């Protein structure tokens, strides 16, 4: 039986009257953050867990009067109860005990071909020197395809009690995302679309759940230059999201904080790329519903495509995935997220390098293969997954290739370059599913 993990439509009525999952219970915003704000937090009975000069702090407090006392200080624009939500998971995961040999699974990787990564590689571009922050769950940086690709010194966790390279289970969503971007060209396992890029791990989720405040803190940290104590990212990937009613009580302030964080990143010249979500919703028509961070600030959102019968010879890599959100005004570009809509459970095999085959149900090969945590002491595990979670990092990797090819490019010029170098798919011009088109890495590095 197929193991299906549906993304969750979060109608956020989760103001957490019960005990919070994490210690950071409050999000505070102001025009800036300094001694006056820190003193006001302490006077109200709170403890600052993370603060940023742009005017944001994550605060924990055991005081039942904290909201009232902090609000009465007149030092903050908003004092908000944080919300913990289950963010989107891949819409389908198949955990197979696949182990490596030379780029052993290259024949099962259709996603690099879908975005013409080979065109960029042939021109000499691998994303070297470009830093991509993966704001997600834990990243298993000891994986044989990721070891050395992650800036461990600048990777952080905003989940109390856990390091950036810790999580639950054998899949580890953040590890799969990181491999799509930057798995090494090392004659082992899989290869990332930008195999020379550097990953900055920013853990904001644990076992798929996390708070709005942690996500906001993660964006601000990642976008802050290293010289100022941040992650120094050039690109931020967020393969996470929540969908909820715009008028949901208590959500507006947190949505505003998220917008501010994404715009802060943009002001630093950092491109924020987010998954559009897996609920098949047309957000161009969903007037009272929104998806964040896909629709947050000046970032861009990515819809998902996937072939139908790749192992049987299909090359329709840019076919709209069965689950992807879409909508004019929401989608900037589409990317390879995989699908699982092929009927039946016929078995297919593809060659592995240097010898042998990889065998599974034919529909499995229509998904995206990448690095995962695995079990025990294994550092060589790989699994398939499908979702806009997989499409976003493919676009982040194309952006990394483009950024290497055009050093010093501004944020606006990078967004325009991705747009203009994309292949027009679907109806002519901008459309509700492909947005400005389908990224073409070979074109983007020209």
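I need the P(r) histogram for region 26-81: all alpha carbon pairs, bin width 5 Å from 0 out to the longest distance, whole percents.
4, 25, 40, 24, 5, 1
Suppose we keep just the DSSP beta bridges with both residues in region 86-444; what percent of those would be antiparallel, to 5?
Taking every DSSP beta bridge with both residues in region 86-444, the antiparallel ones total about 45 percent.
Cα convex hull of region 125-282: how many Å³ per residue?
Measuring per residue, one finds 133 Å³ for the Cα hull of region 125-282.
At 7 Å along the Cα-to-beta-carbon direction for both residue 147 and residue 359, put a label point, then send me their distance in nm to one decimal.
3.0 nm
For the pair residue 247 and residue 446, what calculated FRET efficiency results from E = 1/(1 + (r/R0)^6), where r is the Cβ-Cβ distance and R0 = 45 Å, to the nearest 0.05?
In this case the efficiency is close to 0.45.
Averaging over every viewing direction, what projected area does the convex hull of the Cα atoms of region 196-292 cover, in nm²?
7.4 nm²
Over region 86-444, calculate the relative contact order: mean separation of alpha carbon pairs under 8 Å at least 6 apart, over the residue count, as a percent.
Value for region 86-444: 24 percent.
What area, in nm² and to one decimal, does the C-alpha convex hull of region 54-210 cast on average over all directions?
Average of the hull's projected areas for region 54-210 equals 12.1 nm².
Divide, for region 385-446, the radius of gyration over alpha carbons by 2.2 N^0.38 Å, where N is the residue count.
1.13
Given the DSSP H assignment, sum -39500 (n - 2.57) over each helix run of at least 4 residues in the chain and divide by its residue total; what's the result at 222 nm in deg cm²/dmol, nearest 500?
Taken over the chain, the calculation gives -6500 deg cm²/dmol.
What is the angle, in °, between the Cα long axis of helix 173-182 and the longest principal axis of the Cα atoms in the chain? Nearest 10 is fine, range 0 to 90.
60 degrees
Please sort 119-128, 299-308 by packing, taking for each peptide the average over its residues of neighbouring beta carbons within 10 angstrom, highest first.
For the peptides 119-128, 299-308, the packing ranking is 299-308, 119-128.
From zero up to wherever the largest Cα-Cα distance of region 147-209 sits, split into 10 Å bins and tell me the percent of pairs in each.
Here the calculated profile for region 147-209 is 22, 50, 25, 2.
Whole number please: convex hull volume per residue, Cα atoms of region 86-444, in Å³.
Spread over its residues, the Cα hull of region 86-444 gives 122 Å³ apiece.
Could you check the spin-label model distance between residue 226 and residue 285? Points 7 Å from the Cα along Cα→Cβ, value in nm.
Simple spin-label model gives 4.9 nm for this pair.
Binning every alpha carbon pair distance of region 257-385 at 5 Å from zero, what are the percents per bin?
Percent of pairs per bin, in order: 2, 10, 15, 16, 15, 14, 12, 8, 5, 2, 0.
What area, in nm² and to one decimal, does the C-alpha convex hull of region 312-372 cast on average over all directions?
Over every viewing direction, the Cα hull of region 312-372 projects on average to 5.8 nm².
So how much slack lies between residue 267 and residue 39, counting 0.36 nm per residue of separation and subtracting their Cα-Cα distance, in nm?
79.3 nm
Could you work out the relative contact order of region 74-217, using alpha carbon pairs under 8 angstrom and six or more residues apart, expressed as a whole percent?
Relative contact order here is 37 percent.
We did not get these values from a lab; they are worked out from the coordinates using the rules stated. Just so it is clear, the model here is predicted, and its values are computed rather than measured. All Cβ positions, even for glycine, are placed from backbone atoms using ideal geometry, and neighbour counts span all protein chains on display.
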